[in-house]
Structures are given as structure tokens and as C-alpha cells.
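Here's the structure, in C-alpha cells; my notes come after.
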Amino acid sequence: MSKDTKERYGTVSRVLHWAMAVLILWQALKLFDRIDDGEHWVGQTLVPWHISIGTLLLLLVLLRMVWTARNFSSRPDAPPPPLLGFVAKAGHVLLYAAMLLMPLTGISLMIGNGYGLTAFGIEFAARGEEIPWLATIGTLHPPIAWLLLLMIVGHGGMALVHHFVKKDGVLRRML
Ligand code: HEM
Ligand code: HEM
């Protein structure tokens, strides 16, 4: 399995990055529930996978964090100038925080409200009593989702600026 180098991200990092990007954008389709109370074909076909995919994303982000930690010293450096490089790295840390908090708050929302947790047909927690403090943590799920979506727009936008305006090869090292 190819590890990260200073020149480009390795296979594991690239597969995790793009697979998770697709799944996270799929998760964002949950916003379609706001259209006619979910009475939309997207709400009826893709959104019902929200709990299963969200739970899978928890596993994937934990794997990704372990992989990133193991490759930390050999990954590509931020391009100059140093201040913008620092902002980019800080942005990546915030993306990691949001990718971890989304499933954690989603699971808190389900279990805290007594709905239980079933993903891909496997029951991880049965329906039960409400747990108010866990439900309170769950209320953070929608606001963090909006913040994550904003960050993704900024992040993807900057990647395109690097590719088409600065032409410095930053996008290519993740492709
Ligand atoms: C990276 C993973 C996840 C992302 C990106 C994500 C994203 C979203 C988004 C964008 C919404 C709509 C928010 C709104 O309407 O303002 C939402 C709602 C919701 N999510 Fe997730 N989610 C994730 C994981 C999970 C997980 C793991 C669960 C449960 C186990 C979950 C359960 C829910 C529920 C129940 C709602 C409806 C909340 C409400 O209407 O109050 N999500 N999520
Ligand atoms: C759900 C969407 C996305 C998330 C959560 C995300 C997250 C991340 C994170 C955390 C990194 C740091 C490297 C790592 O640890 O993997 C990264 C790097 C990168 N991402 Fe994304 N990303 C998303 C979508 C995109 C999109 C749509 C593009 C392109 C348009 C993109 C282009 C890049 C590039 C070029 C890098 C490497 C930057 C560098 O070397 O400094 N990402 N992404």
C-alpha cells in the first residue's frame, strides 16, 4: 500500500479522501428533507441511507486519523506563503474535527432520543429510554453540518484556485 510522500498523497490517503468526500456529500442530501417534508425523490431514495452511511463514516474517519498520524512526517508540505499554508493546515484540522463530530453527534441524537441505532441492518443499540444529556449533544448535529458544508465549499474552491489560477500542482497530489 503506497504511503504518503512529500510529493503526493499515497493510495490509502487518496482513496479515503475521495470515498469520504462522496459519502459526505451524499449525507448532505439530508437537506432535501426540508423540501416538502422529505416528499422528494432524493429524500425517498438516497436519504434513507443517512444513518447507515453516517455510521460507516465514523469508522472511516477513525481509520483515516490513524493513517494520517502514521504518515504525519512524510506528507506533502503546505505551499508558500507560510501564513496561507498555516491557514490551509488549520482548515484541514477543522475538517477532521467536523468529520468526527458529525457521526458522533448523529449517533447521540438517535440514542439520546431513544430511537436506537441500526446501520446496514445491524442493531448497535435498541430503542429505549431517552437520555436527555445525549440528546442535547445531538442538537449540535445540524449546526455542525452547516459549518462542514461551508468549509467544504471553501476547501474545494481553494483546491480549484490552486489548480487553475496558481497552477502549482496541489490538486494533482491528491488525484
Ligand atoms: C459525516 C456524517 C454525517 C453528515 C455529513 C451528516 C449530515 C447531516 C445533514 C446535512 C443534516 C441536515 C441538517 C439540517 O436539516 O439542518 C443531517 C440531519 C440528521 N442526521 Fe446526519 N450526518 C452525518 C451522520 C449522521 C449519523 C451517523 C446519524 C445517526 C446515527 C445522523 C442522523 C441525523 C438525523 C436524525 C438528522 C435529522 C436531524 C433533525 O432533523 O433534527 N447523521 N445530517
Ligand atoms: C466532503 C468533502 C471534503 C472533505 C471533508 C475534504 C477533506 C480534506 C482533508 C482533511 C485534507 C487534508 C489531507 C488529508 O488528511 O486527507 C484534504 C486535502 C485535499 N483536498 Fe479535500 N476534502 C473534501 C473535498 C475536496 C474536493 C471537492 C476537492 C477538490 C475540488 C478537494 C481537494 C483536496 C486537495 C487538493 C487536497 C490536498 C491539499 C494539500 O496538499 O495541502 N477536497 N481534504
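The values are calculated or read from the model by the stated rules, or taken from the named source; none is laboratory data. Fair warning: this is a prediction, and the values are worked out from it, not measured in the lab. Note that each Cβ is placed from the backbone with ideal geometry, even for glycine, and that neighbours are counted across all protein chains shown. SASA here: full protein model, heavy atoms, side chains in, ligands and nucleic acids out. Shrake-Rupley method; radii C 1.70, N 1.55, O 1.52, S 1.80 Å.
List of remarks:
- Surface composition of the chain: carbon plus sulfur atoms hold 73% of the accessible area, using a 1.4 angstrom probe and ignoring ligands, DNA and RNA.
- Cα shape, the stretch 13-52, gyration tensor, a/c 1.5 rule: prolate
- Candidates Ile131, Ile107, Ile122, ranked by Gaussian network fluctuation over the chain, Cα under 10 Å, top entry: Ile122
- A DSSP coil position with no more than 12 other Cβ atoms inside 10 Å describes the following GluC sites (Glu not before Pro) in the stretch 88-144: Glu129, Glu130.
- Among 83-90, 8-15, the order from most to least packed when residues are scored by Cβ within 10 Å on average: 8-15, 83-90
- Shape category assigned to the stretch 82-175 from the gyration tensor of Cα positions, a/c cut at 1.5: prolate
- Axis angle, to the nearest 10 degrees, between helix 141-161 and the longest C-alpha principal axis of the chain: 20 degrees.
- Principal axis dimensions, largest first and in whole angstrom, of the chain by Cα: 52, 35, 28
- Local electrostatic count, Glu7, Cβ distance below 11 Å [Lys/Arg +1, Asp/Glu -1]: +3
- Simple rule: put +1 on each Lys or Arg Cβ and -1 on each Asp or Glu Cβ in the stretch 1-43, find the dipole, and look at Gln27, Thr5, His17; the Cα lying farthest toward the positive end is Thr5.
- Relative contact order computed over the stretch 1-155 (Cα-Cα under 8 Å; 6+ residues apart), in percent: 21 percent
- Basic side chains Lys and Arg get +1 at the Cβ, acidic Asp and Glu get -1 at the Cβ, and with that the dipole of the chain about its Cα centre reaches some 1080 debye.
- Helical mean residue ellipticity (222 nm; -39500 (n - 2.57) per DSSP H run of 4+; nearest 500) of the chain: -20000 deg cm²/dmol
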